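In what follows, a structure is listed as C-alpha cells, so that the remarks can point back to it.
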Amino acid sequence: MITFDRFTLSNGLRVLVHTDISTPMAVVNVLYDVGARDEDPDQTGFAHLFEHLMFGGSLHIPEYDQPLQLAGGENNAYTTNDFTNYYIQLPADNLETAFWLESDRMLSLAFSQKSLAVQQKVVCEEFKEHYLNKPYGDVWSHMRSLAYQVHPYRWMTIGRELAHIEQARLQQVKDFFFKHYTPCNAILVVAGNVHVAQVRALAEKWFGPIPSGTRYQRQLPVEPVQTAPRYKMIQAPVPLDHLCKTWHMTNRLGATYHATDLLTDMLGGSASSRLHQQLVKEQKLFVHIDCYHFGSSDPGLVAIEGKLVEGVSMEKAEQALNEQLNIFKGQQPSEQELEKVKNKTESAIAFEDMSVMSRASSLAYYELLGDAALMNQELSKYAAVTTAQVATVSNELFRSENENTLYYYANPSA
C-alpha cells in the first residue's frame, strides 16, 4: 500500500507527499492537466511543443539544467493525449533546488522568439525523424484519424500536421501557457526522504505566491458510437506488409477497464499469448503480433497489429486473425489462463512500485483521475475479474461494427 498525505494551497495547487526514508533521494513531480486532446484542431502539437519549451529558461532562471546538475539532480518530461508530466530526482538534501526550478517556470517561462524558434526546429526534426521518414512511422496517424471522427484523440501528441508546429506564433504559445500552466491546473507530488511539514513549508514559499489562474474546463466533443466497420489502405516503401486493427473500449475509470486490460494480455501480451502462439509460431503468418490498449481518460482503443511474413497475403493473415478472435469470443478463458495474466499484472505493478519516481508519477496520475487513493485499489480490481466477465467484454469489444482496419502494404515504389 502506498501511503501519502494531501493538502491544497490557496491558489488551488494540489500537493501530495509520499515519505520513504529508505532512500536518500527525493522526487518532485509536476503534472499539468493538459494534453494533446486540449489543442485546437488547427493548432495541434502545442502540448508536446511545451514539453520542450519548459526547459528553455524561465523568468528568473535562464538556464534550467545547470543548477539542477550542480545539485546532483536529473530531470525529464513526457506528453500524452491526456496530460503533461515533468519530474526531477535529486538528493533529498537539495530538495529546495527542485522547488525553486519548478515554481519559476510555472510562474512564467522566458518567452522569446529565439527560444520558440529553437524548440520548433527540435520538434519538427523529431516529427520528421520518427513519424514522416521512419518506416511505419505514420501508422498511428492514419489509424487515429480512422478510428476517431470527432474526438481530439484523432491526432497524435506530436501533432496532426508538421505545419502546425512550423507556423506556431509567439502569442499563440503564450496564450496556451497562461491557459493551462497554472497552479489550479496542476498536481505537485513530492516523494522520497521528505516530510509533510517540510514539503508544506517549501510549497507555500515557492508555489504559494503564484497566481491561481482560471481552472480549465474541458468541453470535448464526444465520439459517437461506431456503427459500421472502417477500412483504410496505405502503400509505403517498407519491407513488410503490416496489419493494424482497433476497437473502441471504455475509459480508464470504466467498469470493464480491468477485464479489457487482462484480455489484451491473454491475446498478445507475451510470447506465450494466444495470438503469438497461433499466428507466429504455429501458422507462421506474422513475424510478430501484439495486442494492447490505450487506457486513456476518455474512451480509448484496443489494438492488434503485426508485420506479415514475406509472401503471406493480407487476406490470409486477416482471416487467420479473425478466426482466433472468434475462438476467443466463443468460449470463456480457463481459470488457469486468467490467473496467469493476473499474476503477471500483479508482478508488473509491484516492480513499478519499487521505484520512488514511479510511485510519484503514479500518485499524480491517479489524483488526476480523481483520487490518488485509487492507486491502492488496482490489485483488488484485477483480482475481482472473472472468466465470465472477460468473455462478456470480448464479445462486446470485438464486434465487426466496432472495428477499424488499416492495411499497410509494402511497396518500394510508393
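The values are calculated or read from the model by the stated rules, or taken from the named source; none is laboratory data. Computed from a predicted model, the values in this text were never measured in an experiment. Here the Cβ is made from the backbone with ideal geometry for all residues, glycine too, and neighbour counts use every protein chain on show.
Here is a yes/no grid of residues against (1) under 14 Å from VAL390 (Cα atoms); (2) in the same structural domain as MET143 (by TED's automatic domain parsing); (3) crowded, with 19+ Cβ neighbours inside 10 Å; (4) charged (D, E, K, R):
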| site | (1), (2), (3), (4) |
| --- | --- |
| MET266 | yes, no, yes, no |
| ALA271 | no, no, no, no |
| GLY295 | no, no, yes, no |
| GLU305 | no, no, yes, yes |
| LEU321 | no, no, yes, no |
| GLY330 | yes, no, no, no |
| GLU335 | yes, no, no, yes |
Any residue in segment 315-325 that is outside any strand (DSSP E or B), touching a Gly at 6+ places or on another chain (Cβ under 9 Å) and under 30 Å from TRP155 (Cβ atoms)? yes
Scan segment 223-245 for residues that are polar (S, T, N, Q) and farther than 18 Å from ALA317 by Cα and report the count. 2
Taking into account only those residues within segment 1-51 that are under 17 Å from the mean Cα position of the chain (by Cα) and aliphatic (A, V, I, L, M), which is surrounded by the fewest Cβ atoms within 10 Å (Cβ to Cβ)? LEU31
Here are some conditions: (1) under 25 Å from the mean Cα position of the chain (by Cα); (2) modelled with pLDDT of 95 or more; (3) among the charged types (D, E, K, R). ARG218 meets all but one. Which one does it not meet? (2)
Please work out if ASN395 is buried (at least 20 other Cβ atoms within 10 Å of the Cβ), at pLDDT 95 or above and either farther than 24 Å from PHE83 by Cα or not acidic (Asp, Glu) (or both). no
What residue, of LEU374, LEU363, is under 21 Å from PHE83 (Cα atoms) and surrounded by fewer than 20 Cβ atoms within 10 Å (Cβ to Cβ)? LEU374
Pairs where the first residue, in segment 388-401, is in the same structural domain as GLU337 (by TED's automatic domain parsing) and the second is β-branched (Val, Ile, Thr) and part of a helix (DSSP H, G or I), C-beta under 8 Å, 6+ apart: VAL393/THR260; LEU397/THR260
Elements of type helices (runs of 4 or more DSSP H) contained in segment 21-139, each with 1 or more residues being within 23 Å of ALA201 (Cα to Cα) and not basic (Lys, Arg): 65-70, 95-107
Residue check: is MET314 surrounded by 18 or more Cβ atoms within 10 Å (Cβ to Cβ), among the hydrophobic types (A, V, I, L, M, F, W, C) and touching a Phe, Trp or Tyr at 6+ places or on another chain (Cβ under 6 Å)? no
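Quick grid of which residues meet (1) assigned to a helix (DSSP H, G or I); (2) assigned by TED's automatic domain parsing to the domain that holds LEU338; (3) surrounded by fewer than 20 Cβ atoms within 10 Å (Cβ to Cβ); (4) touching a strand residue (DSSP E or B) at 6+ places or on another chain (Cβ under 8 Å):
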site	(1), (2), (3), (4)
VAL280	yes, yes, yes, yes
LYS284	no, yes, yes, no
ASP290	no, yes, yes, yes
PRO299	no, yes, yes, yes
ILE327	yes, yes, yes, no
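When you scan segment 404-411, do you find a residue that is farther than 30 Å from PRO224 by Cα, assigned to a loop (DSSP other than H, G, I, E, B), modelled with pLDDT under 95 and polar (S, T, N, Q), even just one?
Yes.
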Inside segment 331-359, the number of residues satisfying the requirement of being touching a residue at least 24 places away in the same chain (Cβ under 8 Å) and in a loop (DSSP other than H, G, I, E, B) is 5
